[in-house]
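K.L.:
Sending over a structure as structure tokens; questions will come in a sec.
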Amino acid sequence: MSPRNGNRRNGNQRTIPVTDAGLQPERTSLAWARTSLAMLVCSATLLRWAWHYPAVVFVAVAILAVLAAFIVFTQRARYSREAHGIARERVEPNIESVLAMTLGLAVLGGIGLYLVSVAF
């Protein structure tokens with residue numbers, strides 16, 4: 001089979017097919033990268049203002065850093081799954097990453113409400 005459908009092996013690693021002329025996996029990958037960068041910027045901003053708020057702000061910084069690291073370290077697997085799914089014409093939903101981001105951001109929202117209501 002051709003490398004286009006991802007079945008040719010290059011050493012021990014399968015090649016990732018690029019069968020989508022619109023490059024959908026690349027767009028999704030860039031969106032996740034922007035999300036992780038935004039989380040790191042938010043955590044740096046929180047660190048800059050940390051002395052104005054109670055110690056719970058460090059929990060928010062830690063959550064943002066963990067979520068950003070999760071995005072970065074799972075990026076290749078996510079891209080590969082999407083590219084292979086497009087080649088098979090059946091893409092599985094990315095439930096784990098979306099659920100992790102949703103839960104993390106819900107906790108961050110709760111921390112933000114706490115900081116606004118209690119800290120001032």
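K.L.:
Select from Val59, Gly112, Gln75 the residue farthest towards the positive end of the dipole of the range 31-112; place +1 on Cβ of Lys and Arg, -1 on Cβ of Asp and Glu, and compute about the Cα centre.
P.N.:
Most positive-ward Cα: Gln75.
K.L.:
Which FRET efficiency value, to the nearest 0.05, do you get for Ala44 and Ala100 by plugging their Cβ-Cβ distance into 1/(1 + (r/R0)^6) with R0 = 25 Å?
P.N.:
On the way: r = 21 Å, r/R0 = 0.85.
Once rounded, the FRET efficiency stands at 0.75.
Each reported figure results from applying straightforward, stated rules to the coordinates on display, with no laboratory input. Every value quoted in this text rests on a predicted model; they were computed, and no experiment measured them. Positions of Cβ are generated from backbone atoms using ideal geometry, with glycine treated the same way; all protein chains shown enter the neighbour counts.
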